[in-house]
Structures are given as C-alpha cells and as structure tokens.
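Here the structure comes first, spelled out in structure tokens, and everything after it is commentary.
The values are calculated or read from the model by the stated rules, or taken from the named source; none is laboratory data. Predicted model, so just to flag it, every value in this text is computed and none were measured. Here the Cβ positions follow ideal geometry from the backbone for every residue, glycine too, while neighbour counts run over all protein chains shown. Remember, those area values only see protein heavy atoms, side chains included, never the ligands or the DNA or RNA. Shrake-Rupley method; radii C 1.70, N 1.55, O 1.52, S 1.80 Å.
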Amino acid sequence: MTNASRPNQNSLGDISLLYASVLLRATEAEGGDAERLKSQFHLNDPELAAPEGRISIPRFMRLGQAAIATTGNPALGLRMGALTRPIDAGIAGLAAETASTVHQSLATLIRYALLSSRNSRGEPSLAAEHRKACFYSISPYNQYNYFVVDSILAAWAQLIRHMTGRYDILERVRIEYPSIGLDEVFESWFRCPVEFGAKENSIRLKESVWLQAPSQAHQGMHEKLTSWCEQELQQIRKGWSVADRARYLMTPLLRGETPTIETLANRLGTTPWTLQRQLASEGTGFRELLDNTRRQLAQDYLQETNSSLSEIAWLLGFANPPAFHKAYRRWYGISPGEYRKRIKGSN
C-alpha cells in the first residue's frame, strides 16, 4: 500500500529506490564499484527491489555524486537514461507503455509522477501544444544535481525510443544549467540540438513521433493500469490534510519570493477566504504554515545539502540573506552559519 503520510517525510522530497537501482546499474556499466556504493549508502538488494522503497532526495544526490566520482563520467545521467526501462517508473511506466500514442504515454508518466517521486522543487509538466515534456527547475545548480536533470530527460527519451523503435525522436533538448563542456556528447546521445543555459529543462518531440502508437499499445490494458495508478494517487492524497496539500504546493513557489494566500488558493482551486477557514479548522493559518514550512526546509537544506546560505535564503523566498539569518535565529536561537559549523564539527 502506498504511504499516504509522505508529506511528513524529508521536506526536500524522496524518490523510489527503483531510480537508485538504475543509478547502480549505470555505475556498474561504466566500470564503477556498485557494490561499494551499496555498502557505503547502506542499500541492500531486497530494499532496492521493493516497489514502495524510498530514498530521500539529498541522499540520492550524494549517491549520484559518489557514482560519478567512482566512474569518472560526469555525464553518468545519460547512461542512466540509456538503461532505464518502463518498469523503472513503476506501474506508471507500464501504463505509459500501453498508451495509444506517445503523447498519451508522456501524459501518463507525468500525471502519475507523484507515485515514484516527490520533490520540494516542483513537478514535471507537459506542454502538449509544443510537444514538450518539461522537468522542473532544480536551481541553484551545482555538481551534485546536474545528473538529475540529465537522467530524467534521457530516461524520457529512452522510454520513447523503446516504445517506438525509433532513435530520431527529438527536435530539441533544452537544459537549464550551463554547459559543462560536453555539448557534443549530449547532442550525440539525444541526436538533436541541445541548448544549455536555457530557461527550462525539456525535450521537444517530432510531430510524427508525438502521435505514433507505442509497440505495446493496448487500450484495455492501459485503462486497467491507469485505474490502478489513479487509485494509488488518491491513496497518497487521501491522508493529506488541507495544510499538507497547501505545503506541497507552496514549497516550489518559495524560490526568490514569498507566495501570497491568493496564489496558493488559486493553485488549490479555492478562494483565499475558504483556504484560511480550512486551515483555521486544522489549527493553523497561512502565515503560520508559511513560517513552519520555511523552518523545516531550512533545517533540511543545512543538514542535507551543500547549498550556500545565500542560496538557501533564495530557495526559502527571503528577500535577502540577512532576513533568512534573522528568521533562523528566531526559530532555533542560533544563526544558520553556526548551526552548519556544529553539524560539520560533529561529523
């Protein structure tokens, strides 16, 4: 049964251990020591095979960085994409494989992304009018998270290649982070122009591919599988209070700005007054929810990431680093810099 209390886990997010398995396969394929990584990160085969197993986003990123270090391949995310199978996306991957068109396949993967991944930075989206699948921004970018973008975009491309039997499927790939000097490697892998330093992370499909039927298309099976996906999705959301739902939608809005109750209510499909009333019935309010969300995220960013204090201030929507420092001292009685020093000193 899917864990319905997921909002209460690591505030930065978590993903299915199926993705960790793909990363370890890619590590082994590139000549790295996958067994040493499993030991280092306390991962065992039964755990990796469990459909409901999860790994926190920060831990997964550290695993990825360790894998890149042991293989010496900074483009390991592309290798991950090449080794991704429909089953690695869980039941949503199987549902996508049986869709009537590639468009429907991508729509299925994206609608049910929450079944295998929950990230505080956002969620994937589909721009059907432009034949694009978009992965959310995970800025600020650094050597620890480039591979995440690479692996997702490459996995989408690989799944489409698997379903269509074609390799010439893309018109363009856009990647938000700046070039790392491997442009030719990326263009060779994706077989299309790749733009770095772009305004989004996305793949744009050729029109002929967009409407092509996957080789495993089966309407009856697709309906059955998507019905299971829908049940799983509703089960996840069933245990969410209004505050949980609001927090989930609020977190990606924090970057560089403070979201308003009007914006949040619009995302929830309600009015500001109704949202405030619902939160009050749960013993909280918009301002309190915003403050608590920032407080938990701040702690996890300091403990789990190497993001600078100024980057964390931006990710939490503070106007400037001093405002973050002031809030953190109010929450915990010390400055964020002092807390980070304590963490490092205890390790």
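If you filter the stretch 149-167 down to residues that are on the phi < 0 side of the Ramachandran plot and more than 19 Å from the chain's Cα centre (by Cα), you find that the one that is most open to solvent (accessible area, probe 1.4 Å) is TYR167. Residues of the stretch 299-347 that are under 22 Å from LEU63 (Cα atoms) and of a type in the set (A, V, I, L, M, F, W, C): LEU302, ILE312, ILE343. Just one of the listed residues (GLY285, GLY239, GLY269, GLY256) is closer than 30 Å to PRO51 by Cα and not aromatic (Phe, Trp, Tyr), and it is GLY239. Scanning the stretch 168-196 for residues that are acidic (Asp, Glu) and either open to solvent by 50 Å² or more (accessible area, probe 1.4 Å) or not in a loop (DSSP other than H, G, I, E, B) (or both) yields ASP168, GLU171, ASP183, GLU184, GLU187, GLU195.
Taking the stretch 249-304, which residues are touching a strand residue (DSSP E or B) at 6+ places or on another chain (Cβ under 8 Å) and open to solvent by 40 Å² or more (accessible area, probe 1.4 Å)?
Taking the stretch 249-304 first, the residues touching a strand residue (DSSP E or B) at 6+ places or on another chain (Cβ under 8 Å) are 252, 304.
Answer for the stretch 249-304, where residues must be touching a strand residue (DSSP E or B) at 6+ places or on another chain (Cβ under 8 Å) and open to solvent by 40 Å² or more (accessible area, probe 1.4 Å): just GLU304.
In this structure, is SER56 among the polar types (S, T, N, Q) and in contact with a strand residue (DSSP E or B) (Cβ under 6 Å, 6 or more places away or on another chain)? Answer is yes for this residue.
The set of residues in the stretch 109-148 that are in a strand (DSSP E or B), on the phi < 0 side of the Ramachandran plot and either surrounded by fewer than 18 Cβ atoms within 10 Å (Cβ to Cβ) or touching a helix residue (DSSP H, G or I) at 6+ places or on another chain (Cβ under 8 Å) (or both) comprises SER117, ARG118, ASN119, SER125, LEU126, ALA127, ALA133, PHE135.
Scanning the stretch 238-248 for residues that are surrounded by fewer than 20 Cβ atoms within 10 Å (Cβ to Cβ) and among the aliphatic types (A, V, I, L, M) turns up just one, VAL242. Here GLN104 fulfils each of the conditions (1) open to solvent by 20 Å² or more (accessible area, probe 1.4 Å); (2) at pLDDT below 95; (3) of a type outside the set (D, E, K, R); (4) in a helix (DSSP H, G or I) apart from (2). Annotation for the stretch 197-214: at least one member residue is at positive phi and open to solvent by less than 60 Å² (accessible area, probe 1.4 Å).
I need the full set of residues from the stretch 215-226 which are open to solvent by 30 Å² or more (accessible area, probe 1.4 Å) and closer than 29 Å to SER120 by Cβ, in order please. The answer is none; no residue qualifies.
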